[in-house]
Each structure stands twice: as structure tokens, then as C-alpha cells.
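The values are calculated or read from the model by the stated rules, or taken from the named source; none is laboratory data. A quick note: this is a predicted structure, and the numbers were derived from the prediction, not measured. Neighbour counts run over all protein chains shown; Cβ positions are idealised from the backbone, glycine included.
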Amino acid sequence: MTNQAQQLATFYLDGFFFGIEVEKVQEVIRYQEMTRVPLASSVVQGLINLRGQIVTAIDLRERLELKPRPEGELPMNVVVRSDDGAVSLLVDEIGDVLEIADETFEQPPETVSGTTRELVRGVYQLRDKLLLVLDTERTLQIDGSGPERDG
Amino acid sequence: MADATELDEVVREFLVESHEGLDQLDRDLVALEKDPTSKDRLASIFRTIHTIKGTCGFLSFGKLESVAHVGENLLSRLRDGRLTLNADITSALLAMVDAVRRMLADIEATGSDGDDDYAALVARLNDLQEALAPAAPDAEPRPSLVDEAVKLTASAAVEDLAPEPEPVPVSAPVAEHVPDVADASPLPTARAAEHPEAHSSSVADTTIRVDVHLLDKLMNLVGELVLARNQILQFTSTQDDTSFVATSQRLNLITTELQEGVMKTRMQPIGNIWAKFPRVVRDVALACGKQVRVEMDGRETELDKTIIEAIKDPLTHVVRNAVDHGIEAPEKRVAAGKPAEGRLFMRAFHEGGQVNIEISDDGGGIDPEKLKQKALQRGLVHPDQLARMGEREILNLIFLPGFSTAEKITNVSGRGVGMDVVKTNIEKIGGTVDIQSKVGHGTTLKVKIPLTLAIIPALVVTSGGERYAIPQVSLLELVRLEGDQARRAIESIHGAPVYRLRGNLLPLAYLSRELGHDATTSDGAAVNIVVLQADGRQFGLVVEGISDTEEIVVKPLGKQLKSITSFAGATIMGDGKVALILDVMGLAQRAHVLAEGHDRAIADDRQASDATNDAGQELRTLLLLGVGDSGRLAVPLDLVDRLEEIEHRAIEWSAGQEVVQYRGQILPLVRLCDMLGTPRPEDGEMPLQVVVATEQGQTIGIVVDRILDIVEDRLEVRRGTQRHGLLGSAVIQNKVTDLLDVRGIVCSVASDLSMDDLELQAAAAA
């Protein structure tokens, strides 16, 4: 829970407004063709070729247990740096980079439950909407395989 | 032992290394004088001199070693803070660096460390460290040889050194052995330069050291370039512009050459790690009172650096083992009619994109009986398992964890760790280990490892619309079954699909099923079986399509995917898309095709059915056959020798009987449909399905219409029959099934043929 003003890269997911620390973001690229990874967790959408680097793409909607993205809508890649190399987060739409003063920062309300509560570090009350700050480390923490592994 | 060229190589490396070290030393010493308390600098200087000392001791440059040794002693005192650096010490150390440099130049020019006398310098360095001795009465006595060196030349001791405030017991690494300074024995074998004047530039000038990470980065970039090149080439094929096509051709060639060049920078001859083996062998042999000669072949065989590093320790262990356990003591060898001196032969060569390394000794070999006993004693295997093992499997017991055959545990090897670690380490880099041994003649250990880990040849297959790469190393062969054949050729045992590959049952796994795709096994489509090997066992992987073999650049998967054992990594294909690399071992385990129990279970079934042959109530393994339109017949599997497919054109006639040539014999054929009076099926293109059975020395082939399945069920004859060829009926898998009287059929054919038998045998013999 940092108490300093910080810059957040923002994006939309199923109508919600999310942000992550801008210094974590390596780049934002449009939709890339993906190679599916069988046996992987359903959160892993596939692998993309980012200038010769193989990057795992994580479907944030799936990760946050939101509704699946409507057919035909192509996600954007928010490529974030992690200890383990770059990982791409698939989002609906990219927003601006916002500078946020810390006084409006709050813990997620008790009513927020489930995965979202686990992954959202806090909420900024903006004038017209709420900005949910995502904990990138936790978001990238995925058990290697999905339920179908045993099937 | 070692010949001149090899030592040359070692000496050259030593020179390059030492020259660099000395340059560093000069800088460090001067810097140190400004900041005498810098522990890092001191440690760095100490390391450099220590390395030089160590290496030249090994190369028997006695003089150089002695100079470096006293220098090291002095430095160790500085490092431990028992002496403080002053101008005198710095000058002495710099003088030592100069002397070392002079000797290195001598070595490069003449192969020996020169005739100059460095006794004065040695004494000076000694005196400097001596200066603190009175102040440190608790100090251990210095090694006597150094003392002698001091006595050689008595020069004025430097008095003005500040005495140590707190005497500390000497913990400096005192020399184990310092050769006599006066003994300037030249290197016996190295004749590095017979014409020193021919060397215009120093060895150190023609090579540079490069950070491996930089090479890795270059390697990656070249990988990218290869991919970009592939994409351009694909695009080029759609273009007509001649100058563009020519340019991309050139790009193609240059990229290939660049790739080879960069690969080469990472390649090192295996001789680099072998070079230390003669010494290892000598030491081990000495320790256990043996005489061993080392011979090497293929020292120049090149391998990727990472692989060289990975096999260094396993190979060293194998070599030690061979000398310690393999080669016998001289008297024992002589008694066995072998020369007293044992021979350790190391061979390396390239074969099929892999490097083979063989280490053989002409020692006592491994006694399989002893191995068995040991394995049982330690409870590593079950007696039943052991009884079924072939010789090769028994020898491979040696790789089990916790296995040691040495009767007495020596300090060299034989603590029961080792061979399993060797195997694990080699397998970790995608290699295999095999052992062959003959009692009384010796043992050969064969290691196969990939050339490089970064770029590997792989077979590209498709499944569920995606491409997957299978490393070529695990690939044995490809089998394609077309149309009707595809449906019939794949049979099932206990629900597990199998394919008969040249008489052996090959367990099958469906890639699409294992990867959780919808199985799209449409009837009539061709079936592609990729025959793979994992852990010394074979299995078939059924894939939807096989594209091509390609050189792929292996890239690791992110941590989110690490736990999926079915994938070894990923790669980027020519079109820029990502393809997953299958981990053959992981996939096999997932599909349970290598499960120990799998074919063992069948063997167990057979044994069980043998044991209770006539009990009737016990579970038996039955071969189900189809005859006519709906007839179902069963044969106990233990009465069946083999199942064969025989082409129509292979059928010949002999004495009114259909026969085929089968394994050098003449096999009479009996058509089951004729015997049972069912209509004979049209002789199509399909080969005949033949059940081969032997009774009382007579082997016949029973031609059946279809082979349905192999099942396990209780065999209880419910209804007898008088019909020839049948024993009766039973209910098998809830269906009424007739039991074929194999014995009766064979015997009746045998009596029919008894007259012709002699002729047949004569024909077979001819």
C-alpha cells in the first residue's frame, strides 16, 4: 500500500477500469496471433511471439473470473515485466496513463469477494468511476495447470 | 599418456590465461599501493597467483611454480592482514610478476621455463614474509622446502616492517610440495616451438576471452535472424523481382554461415575435459595400486560449452570408477593372462547429430550374478522382476540409486552414489547412457548426448490444428497406415491401443487425446504413428499430420507453464508463429505408455494363466477371433506363438496344402472357414490374418477372417460339441463364443502331413 502519488497504466475489462504500475509495463501491443497451450490452466490464453521472445498471454477476464470476452472482440496485449521474463495480459481496451494522488486510495470494500479481492490491491475513487489497482505479482501467480490436466 | 600436441594445447591455454592474469595483476598491484587495505584487490591478486601456481605445478614448470609459490605465501599474509603492504613489498611483488612474465615468454618460445636463476627473488619474497615471523611466535613452522629455498641465498632481511599487533596462528595455505628451485627441469614432452622465431605474435594476442552470456545473446540473435530469414524466404517464393530474389538468396547464405559461425564459438573440443583424465587416472591408479594406461581417440570432437560443462563431472566419475572397480590389480591381471597394465580407452565421435562418448576398460567386467545379488540384498528389485530381466536390463541395475558393487568401500569411489547421478545428469541434457560388459574382458560405458541444446533438429507434427515439435533425438521411425489398414492394424489390449510393429507390440498414445483436443479419428483417414523412445522403451504417438523436420531454436516456457511435463519448451516456426516442443518422456508418462506395469501385466497374466491352466474358473487371457459374418471364437493366448499377416502372393502349394515360407521353415496353413464350413471371404488386397501355433513340435498357421481383441475373462466351457476344431462354447464378455481346439487342429494337420514331413524338412534344409 504505497502512499506516494504514482502513475498507473489503465485498461478496461468487462466494463471495469483497472490500473497497474506504469513501470511494470514493458509495452502495449495490438492483438497477436496465439498458439494455444493444451493442458494449461484456462487462464493461459496462449503463447505469442514478441520479436523472437516467447511470451505467455494471460486472459485477465478469465483470471479475474469475469465474463468471457464476446466473440469477435480482439483483446489487446499489455506486456508486463516479471522476474521470469515478459508476460502479456490480455485486456479489452487500453486507457490513459493516470497520475493518481494517494489520498483517494482505499482497500477494496468488504463486499468485493473472490479472486478480484485477492488480486486487487486497492481502489482509487476517481470523479466519474472507480479505478481498481491490480497486484501484478499475484496476477501472474498461476498454478501451472488447469483442471483438465487430470482428465 | 599424453602426447606433445595435447600438451601444447594445454600449455597454450595456460599461457593465454596467465598473460591475462598478469595484466590484471599489474593494475591491481598499483591500485593496491594507493589503497593498501582493499581486501577485494588483495583477494583478486591472490587468486591470480594461486591459479598460475596451481596450473604450472600440474604442467611441471618447477621454477615458475616456486616463484609463484613464495609470492602466494606473501600475498596470503597480506590478505589475512598479518602484513601491511608497503613500497618494498609492492616492488617485490611487481618483480615477481615480471619474473613470471619472463618465464611465460620462455615457455612460449622454448617450451620450458628458462634457465634464469630466480633464487634471489624467491629469497627476497621469503624474507619479506619472514619479517613478521618473530612478531608471530605462534605461527606454524613454514614448510621445510621453503626454508631450504631461503637458505639458498641469504640476503638482508627487510627490518622495517611494522610487527603484527595481534599474532594470529598461520592459516595460510602452506604448500604441499615445492620442487627444488635449482631443479629447472624442462617440460619433458612439450616441444612447443622448435622454431621460436617463427612466432611473430604471442599466443595471447590471437585469442580473446568472451563472456559466455554475450555468446548466448549472439546465439539468440542469430536464432531470430534465422527466423526472419525463413519468413523472407517464404515471402520471396511469391515474388518475381530477380534482384530481390538474388538478395534474399544472399541473405540466406550469409545467415546460414553466421549461424554456423556463432554455433562454433560455443563449441569446445571434448579434449578440454579429457585433458585432466590422465592425471585423474594416474592418481586413482596409484591410490589403489593399479597400473593403467589411458588412450584417447576423437579428442577434437566438438560439443557445445554448456554440454561440456554438464558432462564433466559424470565422465570424471565414470573414469574413476573404471580404474577403481573395473581394472584389476596387476597380479590378478597377470594371473588372468592379461598384461599387468590395464587399458582405459576413451573415444568420442559424431553420429547422427549426436556425440557418442565411449569409455571402456579391459578389466574384470561386471558379473551379472553379483549385480543380481546386490540388487536383491538392497531390496532394489523384486525377485520376480529380476527373473524376467534380460542381461542388458540387469547391467542397467547399476544405475539404480543406492547401488554399489564394490565389495569394500574405497575412498575413491563406491559409496553407492555415483552411477545413478551419472545417469541423471546425462539424461538431464537429453543424453542416454548404456553399459555393456563381459566378465573377464571389461566394460564399456556408452554415452550419447546432443551436440547442442540451443538449436536442435525436430520433427514437426500437427494435432488439433496446432503444430508441435518432437526432438529428433527421441525419434525412431514413422509409420503411416492408409485407409482400411489403419482401422484394423490398431488393436487393443485391456483397452490400451497397440500396434504390431514387426512382431513387437507397440503401445500407442494419441497426441490429440493426451493434449485434450477432441479426438478426430475419422474412419478411413490415414493414421500416422511416430515411433518414439523414452527411457529405453518404445511407444507410438498417433498424430494427425507429419510436416517436416526442421532445425528449431529451443526457448523456455514461462513459469505459468513450467509444471506441464508434456512440454519441453517452445520454438518459433518459419512463419513467426509459436510451436510447443513435446517432452517425449513427460508425454509418455502422462499417457502411461511406459508404465512398468503395462506389458509386465500382460506377462503376469500369461504366467497366471499357465499356472491355472485347467482350473477353468481363473481369469485367462484370450485371443478373440472373428470368422464368417458373426462367428466369435476364442483361443487361450498362451497357446498362440505369434500373430502374423501374410500376403496372398506369399502362399504356395505343397502336396495339396497351402503353405508359406516362414522364418526359414515351411508353415502349413489351415483355413478356419473351410474347417468350420463358413463361406470363404473374398480374397481381397488385404493380407491374411494368421494365428501361428505349435503343438508337439509341429507349427501351423491358422488363417482366420478377423482378429478381434485380446481380453481377460473366465473360461468356463458351458456346452460341449462334437464339431471338429471346436472344444465347446463359453460366455466371454457376455457373448457366446466358441472355443477353438488349437491342439486338435494342429495334430490333425500334423497327421495329414506326416507323410510329407520328411520332404518338407528336406526342402527347408535345402
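Among B:LEU94, B:LEU64, which is the only one that is assigned by TED's automatic domain parsing to the domain that holds B:HIS19, modelled with pLDDT of 80 or more, touching a Leu at 6+ places or on another chain (Cβ under 9 Å) and surrounded by fewer than 17 Cβ atoms within 10 Å (Cβ to Cβ)?
B:LEU94
Given the condition of a type in the set (Lys, Arg) and in contact with an Asp or Glu (Cβ under 6 Å, 6 or more places away or on another chain), answer yes or no: does some residue in region B:548-560 qualify?
Looking through region B:548-560, at least one residue is of a type in the set (Lys, Arg) and in contact with an Asp or Glu (Cβ under 6 Å, 6 or more places away or on another chain).
Going by what's in this entry, would B:ASP518 be described as closer than 17 Å to B:THR462 by Cβ, surrounded by fewer than 20 Cβ atoms within 10 Å (Cβ to Cβ), within 14 Å of chain A (Cβ to nearest Cβ) and at pLDDT below 85?
yes
For region B:42-73, which residues satisfy the criterion of being basic (Lys, Arg) and closer than 18 Å to B:ASP23 by Cα?
Correct list: B:ARG47, B:LYS53.
Please specify each residue of region A:12-44 satisfying the condition of being basic (Lys, Arg) and at the interface with chain B (Cβ under 10 Å from one of its Cβ atoms).
A:ARG36
Which condition number does A:ILE100 fail, the rest of (1) at pLDDT below 80; (2) away from chain B (no Cβ under 12 Å) being met?
(1)
Take residues that are of a type outside the set (A, V, I, L, M, F, W, C) and under 30 Å from B:GLU331 (Cβ atoms) and tell me which of the helices (runs of 4 or more DSSP H) falling wholly in region B:203-320 contain 3 or more.
B:277-287
Which condition does B:ASP384 not pass, out of (1) at pLDDT 85 or above; (2) loosely packed, with under 13 Cβ neighbours inside 10 Å; (3) not polar (S, T, N, Q), if it passes all the others?
(1)
Can you tell me which condition B:SER237 does not meet? The list is (1) surrounded by fewer than 11 Cβ atoms within 10 Å (Cβ to Cβ); (2) under 30 Å from B:PHE14 (Cα atoms); (3) at pLDDT 75 or above; (4) not charged (D, E, K, R), and all the others hold.
B:SER237 satisfies all of (1) surrounded by fewer than 11 Cβ atoms within 10 Å (Cβ to Cβ); (2) under 30 Å from B:PHE14 (Cα atoms); (3) at pLDDT 75 or above; (4) not charged (D, E, K, R) except (2).
Pull up region B:487-517, narrow it to residues that are among the small types (Gly, Ala, Ser) and assigned to a strand (DSSP E or B), then point me to the one that is nearest to B:SER566 (Cα to Cα).
If we take residues in region B:487-517 being among the small types (Gly, Ala, Ser) and assigned to a strand (DSSP E or B), then B:ALA509 is nearest to B:SER566 (Cα to Cα).
Taking only region A:1-45 into account, find how many residues are within 15 Å of the chain's Cα centre (by Cα) and part of a strand (DSSP E or B).
19
From the set of residues in region B:544-562 that are in a loop (DSSP other than H, G, I, E, B) and more than 12 Å from B:MET573 (Cα to Cα), which is farthest from the other protein chains (Cβ to nearest Cβ)?
That would be B:GLU544.
Among the residues that make up region B:675-698, is at least one of them polar (S, T, N, Q), exposed (fewer than 14 other Cβ atoms within 10 Å of the Cβ), assigned to a loop (DSSP other than H, G, I, E, B) and not assigned by TED's automatic domain parsing to the domain that holds B:SER492?
The answer is yes, given that some residue of region B:675-698 is polar (S, T, N, Q), exposed (fewer than 14 other Cβ atoms within 10 Å of the Cβ), assigned to a loop (DSSP other than H, G, I, E, B) and not assigned by TED's automatic domain parsing to the domain that holds B:SER492.
Please work out which residue is modelled with the lowest pLDDT, limiting yourself to region B:529-547 and to residues that are among the hydrophobic types (A, V, I, L, M, F, W, C) and over 11 Å from B:LEU508 (Cα atoms).
By that ranking, first place goes to B:ALA534.
May I ask you to verify whether B:GLU341 is acidic (Asp, Glu), on the phi < 0 side of the Ramachandran plot and at pLDDT below 85?
The answer is no for B:GLU341.
So how many residues does region B:563-590 have that are touching a residue at least 40 places away in the same chain (Cβ under 8 Å), within 12 Å of chain A (Cβ to nearest Cβ) and either of a type in the set (A, V, I, L, M) or not in a strand (DSSP E or B) (or both)?
Final tally of qualifying residues: 13.
If a residue has to be crowded, with 19+ Cβ neighbours inside 10 Å and part of a loop (DSSP other than H, G, I, E, B) to count, how many in region B:321-337 make the cut?
Looking only at that region, the number is 2.
Collect the residues in region A:47-90 that are surrounded by fewer than 23 Cβ atoms within 10 Å (Cβ to Cβ), more than 13 Å from every other protein chain (Cβ to nearest Cβ) and of a type in the set (A, V, I, L, M, F, W, C), keeping them in residue-number order.
A:LEU64, A:LEU66, A:LEU74, A:MET76
For B:SER60, only one of the following conditions fails: (1) in a helix (DSSP H, G or I); (2) out of contact with any Phe, Trp or Tyr (no Cβ under 6 Å at 6 or more places or on another chain); (3) under 29 Å from B:MET296 (Cβ atoms); (4) touching a residue at least 12 places away in the same chain (Cβ under 8 Å). What is its number?
Going through the list (1) in a helix (DSSP H, G or I); (2) out of contact with any Phe, Trp or Tyr (no Cβ under 6 Å at 6 or more places or on another chain); (3) under 29 Å from B:MET296 (Cβ atoms); (4) touching a residue at least 12 places away in the same chain (Cβ under 8 Å), B:SER60 breaks only (1).
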